[in-house]
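Data block below; observations after.
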Amino acid sequence: MVEIMKLEVKFINKYLKMKNSIIRKLIFTLIGLIVTSCNNDKELEIENLEVKLSNKIERVEPPNWWVGMKTRDLQLLVYGKNISDYVPVINSSNAKLVSTEKVKNKNYLFLNISISKNAEPENIEINFLNDNIVVDRYKFSLLERKENSSKVEGFNNSDVMYLITPDRYVNGDPENDDVEYMYERPNRDNNRGLHGGDLQGIINNLDYIEDLGFTTIWLNPVLENNMKKSSYHGYSTTDYYKIDPRFGTNELFKELSLKSKEKGIKLVMDLIPNHCGSEHWFFIDPPMDDWINNQSGFKQTSHNRETVQDIYASEIDKKEHADGWFVETMPDLNQKNKKMSKYLIQNTLWWIEYAELSGIRVDTYPYSDKDFMSDWTFSVMNEYPNFNIVGEEWSDSPIVISYWQKDMINHDGYVSYLPTLMDFPLQISFAEALTDDFDWGKGFIKPYKTLASDFLYPNPNNLLIFPDNHDMARFYTQVNNDLDLFKMGIVYYSTMRGIPQFYYGTEILMNSDENPGDHGLIRTEFPGGWPDHSKNAFTGDGLSFKEQQTQSFFKEILNWRKDNEVIHNGKLIQFAPKDEIYSFFRILDDKMVWVIFNRNDSSKKLNTARFKELIADKKIGYDVLNKKRISISNHIILEKKSALIIEIE
Ligand code: CA
């Protein structure tokens, strides 16, 4: 039978070049019949065959699937020494092997499998034959799907996101700090080394996160990063189906997701479809010549992201941007290769389904092949219509950012299905506003103008807003350790349109003063996460008065925001800043919240007459932060460098 299969391959190869499509179709139908009859023969025979199992298979990816998914046509990547010498046979009424594809590298086989629409859960046996001897077997499980898993609600503007760098949060399991098979040893003295933080540490402290008022956790990447150095940050994937053992196991990741869910906290996974780590097994032994861009040798990306939208861009500039590697240790995946594209899409769906995720954050979004990103986002949102994905496009221009948002009608016809983007323009302009000189064109006019460009976005309420993240100076450092300015920022991001995100430790004024942009320093250990820390943010032990005060401030404002629909979905009206006093309203039905900022070094009296179009004849408001009722009928006293949140009664 193997001989017949070999003949078939020759037959295909010979006639594949024929241009007459009708004849081609006839040939393929005929081949299909032969293959089916061969497989049927095997169905009858398989139990009678000699079995000499010899562990040929090293990997099958995805390792399993679920019944009832929209995605039923799978492509399994099978990896093992000379695996392509063997003939896979599937004997199941729930799934059939449509075709097997060999590639240049004999260590790979791609199995195209179709799962039937009404498939039942089953452990499907895939037998690999060599001259009628079964040389290996793989149990491919078709699992039952959790009820309503397709309806999972993604993070949205009712949520506030807590960003955690897992290696630096809490060491909940010292046993996994040093994993023997991995290249890098732990070293807490090196701020770019492994410090031992892990998933157990986060699980142990979910109460703290819940208590602060966060409803979503975004973790920097947690997939295996078996790199020789700087593996702590997680952005160099070496196994797409395995949680890094220094963080825990796949099961523990799922546990974190489920335990978070019990507390009303959604989990967001950070994925990097653009590149893998240079220690990835499929980079070291690639299936074919075009699996990776610039596979023959490292070429750095030009970082010219403008080429994506530029109507004058040359082909070479587009290529140098999109196909270059992010850095030498991060080879650029060729998503134009259909097998790579399928691999990445299945991998994402697998994690969402497996870990019951509520969102994905996509690293280096515009560095990927943009048509692939369109397919990828479509596939995810098609499978999970209420899900959310946030993409990173680090641009200061809403024109560039809006290009990527779902429903955008673009000049080049590009269609995106990405619901959420990170609002870098607002982050940049608001940080500048707080620290600017008091000159014309400076200060609050900047975020005011940025918001005035919101018409560009199909859905500005779906932007992720943030004062900082793991890649930039800590917010407290950005505002030069000025607690008043810092609090103004927290109020701004907690009341502005969009989905707020704060980086771990912001709640206790963690800074990166020593070297503001140093990544290792920005991602400093969270106090209380290691037994030798002198202070503990979880218990409050050793925190300064300022730090405690800030923590309480976060807790208060985030919990106030939690069920406050007017902040989640309310209409936004802003009033142009005057004398560095800036304010906006959030309005929903009969609810109105007025947020006012005074950046001056002195207290100011704000005449409320200019705001009559909204406050009309309302006379009283509730000052949320100072917990008292105030008059708004004539004027309001604004303390120096302060923010006010007023619920108009
Ligand atoms: Ca650990």
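The values are calculated or read from the model by the stated rules, or taken from the named source; none is laboratory data. All of these numbers come straight from a predicted model, not from anything done at the bench. Note that we place each Cβ from the backbone using ideal geometry, even for glycine, and neighbour counts take in every protein chain shown. Please note that ligands, DNA and RNA were not included when accessible areas were found on the heavy atoms of the full protein model with its side chains. Shrake-Rupley method; radii C 1.70, N 1.55, O 1.52, S 1.80 Å.
Tabulated data
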read-out	value
Projected label distance in nm at VAL327 and TYR622, using a 7 Å step from Cα toward the beta-carbon	4.9 nm
Accessible area of the stretch 484-540 belonging to carbon and sulfur atoms, whole % at 1.4 Å probe	46 percent
Coarse-grained scattering of the chain at q = 0.06, 0.09, 0.10 Å⁻¹, given as base-10 log I(q)/I(0) from a Debye sum over alpha-carbon atoms	-0.39, -0.81, -0.97
Probe 1.4 Å - accessible area at HIS470, Å² to nearest ten	0 Å²
Gyration tensor (alpha-carbon) shape descriptor, the stretch 77-205, a/c threshold 1.5	oblate
Partner aspartates and glutamates for LYS266 [C-alpha distance under 15 Å; skip if fewer than 8 residues away on the same chain]	GLU153, ASP159, ASP207, GLU210, ASP211, GLU255, GLU353, GLU356
Efficiency of FRET between GLU58 and GLU210 - r from beta-carbon atoms, R0 51 angstrom, step 0.05	0.80
Over 25 Å between alpha carbons, listed pairs LYS535/LYS555; LYS70/LYS106; LYS261/LYS370; LYS319/LYS342; LYS487/LYS627; LYS70/LYS336	LYS70/LYS106; LYS261/LYS370
Calculated FRET efficiency for the pair PHE538/ASP178, C-beta based, R₀ 22 Å, to 0.05	0.35
Of LEU349, ILE292, SER402, farthest towards positive along the dipole that unit charges on Lys, Arg, Asp, Glu beta carbons give the stretch 282-418	LEU349
Sequence-distant lysines (8 or more away, or on other chains) whose Cα lies within less than 16 Å of LYS242	LYS254
Mean-position separation - Cα centroids, the stretch 286-331 and the stretch 74-146, in angstrom	33 Å
5 angstrom amide H check on TRP218, placed H, neighbours 5+ away	TYR162, LEU163, ILE164, VAL268
Semi-axis lengths (Å, descending) of the ellipsoid that matches the C-alpha gyration tensor of the stretch 449-602	30, 17, 16
Å³ per residue enclosed by the Cα convex hull of the stretch 94-156	155 Å³
Given the chain, longest segment not containing exposed loop chymotrypsin sites (Phe, Trp or Tyr not before Pro) (DSSP; at most 11 other Cβ within 10 Å)	441-649
Only Lys, Arg (+1) and Asp, Glu (-1) charged, at Cβ; the stretch 57-190 dipole about Cα centre in debye	720 debye
Spin-label pair ASN148/ASP285, simplified geometry with 7 Å Cα→Cβ offset, distance in nm	4.5 nm
Set of aspartates and glutamates near LYS102 by C-alpha distance (under 12 Å), chain-local residues within fewer than 8 positions excluded	ASP85
Anisotropy class of the stretch 535-631 from Cα gyration tensor, a/c 1.5 cut	prolate
FRET E, pair ASP73, LYS442, Förster distance 35 Å, beta-carbon r, rounded to 0.05	0.05
Exposure ranking of VAL160, VAL415 by accessible area [1.4 Å probe, largest first]	VAL415, VAL160
GluC sites (Glu not before Pro) within the stretch 84-186: DSSP coil, no more than 10 neighbouring Cβ in 10 Å	GLU147, GLU180
At most 14 other Cβ within 10 Å, DSSP loop - trypsin sites (Lys or Arg not before Pro), the stretch 247-324	LYS263
